[in-house]
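Have a look at the structure below before the remarks.
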Amino acid sequence: MNSDSKDVLDRDRWDRLVATLASAKSIGVVGHVVPDGDAFGSMIAIARSARLAGKSALASFEDPFIVPEELSFLDTSVLVPSQDFPRDLDVAIVVDTSVRSRVGDLADAMEQADTLVVLDHHISDGSWGDVVYVDASAGATTELVHQLLVDLGWPIDVGVATALYTGIVTDTGRFQYSSTSSRTHDIASELLALGVQTDVIGQKLFEESPFGYYEVASRVLGRAVLDDERAFVWSILLLGDLDAADLQSHETEGLIDLVRMARGTDVSCLLKEKEDGTIKGSMRSRGRVDVAALAGVFGGGGHHNAAGFSSELSASDIIARISDHLDSSEVRKSSE
């Protein structure tokens, strides 16, 4: 497919997306399990703006139904527990993922809506949804949500703008990831003009943690292993670490950013023990290695420089598999 025909295809898909939401009277927005800033920002921005436009709208995500303290400044009034998500909506829209399993038990409820919409910036097979729009060039799903609201002509007040800015600033790593574009900054500028309080957002997101986080960070960094040969650093967060510090798993999302700081490394990985016996992996790359491909080995995915997965394998088996794939010329070749 040449670039011109791709642009036409994307335009047709986008126009269908806009028309679908414009005609809907009732809308439900769902983010992936354990939502991050981009998922929360996308959910809340769409639902709040839709309400301001006179629509019936709400947002939800699979249990545990917890809004992290660092995101407490967002308008959570549009959020309802998964068991309260309606089954008779005009439109159900999933944001920040296009994989059915990533929304948990809410997938069944969403599929009972008249139209199922997918809006995301992660590459996938595109097999789920009636109206699907995925743009991997976007720095965050909230970038796409912003354009959607503009094209719909729905209100963007300071509450909507704050949700959009939160998604952008978190998913671009405070505007430092390679996915950050001039368009990203243009959108951020527009949102700031609407009254977004960057000092409040920055402090809550990046400058506050429970005191127990110190203990957990100390344990995780103390276990870090540096594989000089593969330029690979990894560590593991044990369930006992959380218990000792009286923390919940969602309060440790920033640990991968500490692990990834080791100079001279290309790839970093943080493994987290889960209560169901599985292990969740978060991976980061400095650009030479496609960690989305590595995460795909375990059925996960994401972006070239940031990806994740869940596995029933042991930690040692996971690290062994990652190491084997880092030895593969194909992994390096995919990023060159």
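Conditions tested, residue by residue: (1) touching a Gly at 6+ places or on another chain (Cβ under 7 Å); (2) polar (S, T, N, Q); (3) crowded, with 19+ Cβ neighbours inside 10 Å; (4) at pLDDT 95 or above.
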site	(1), (2), (3), (4)
L58	yes, no, yes, yes
L79	no, no, yes, yes
S101	no, yes, no, no
A107	no, no, no, yes
S127	no, yes, no, no
E143	no, no, yes, yes
Q147	no, yes, no, yes
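Taken together, L270, L239, L326 contain a single residue that is free of Cβ contacts under 8 Å to residues at least 60 places away in the same chain and either surrounded by 17 or more Cβ atoms within 10 Å (Cβ to Cβ) or in contact with a helix residue (DSSP H, G or I) (Cβ under 7 Å, 6 or more places away or on another chain) (or both), which is L270.
Counting only strands (runs of 3 or more DSSP E) that fall entirely inside region 1-105 and contain at least 3 residues that are assigned by TED's automatic domain parsing to the domain that holds V200 and in contact (Cβ under 8 Å) with a residue 40 or more places away in the chain, the qualifying elements are 26-31, 91-95. Taken as a whole, the condition of being aliphatic (A, V, I, L, M) and under 30 Å from D327 (Cα atoms) applies to I236. Pairing each residue of region 172-188 that is assigned by TED's automatic domain parsing to the domain that holds D290 with any residue that is of a type in the set (A, V, I, L, M) and modelled with pLDDT under 90, provided the two are 6+ apart or on different chains, yields no C-beta distance under 9 Å. Looking at V200, V233, V160, just one residue is part of a helix (DSSP H, G or I), among the aliphatic types (A, V, I, L, M) and buried (at least 21 other Cβ atoms within 10 Å of the Cβ), and that residue is V160. In the condition set (1) in contact with a Phe, Trp or Tyr (Cβ under 9 Å, 6 or more places away or on another chain); (2) over 19 Å from Y214 (Cα atoms), V259 is compliant with all but (2).
The values are calculated or read from the model by the stated rules, or taken from the named source; none is laboratory data. Just so you know, these numbers come straight off a predicted model, no measurement behind them. Every residue, glycine among them, receives a Cβ derived from its backbone with ideal geometry; neighbour counts consider all protein chains shown.
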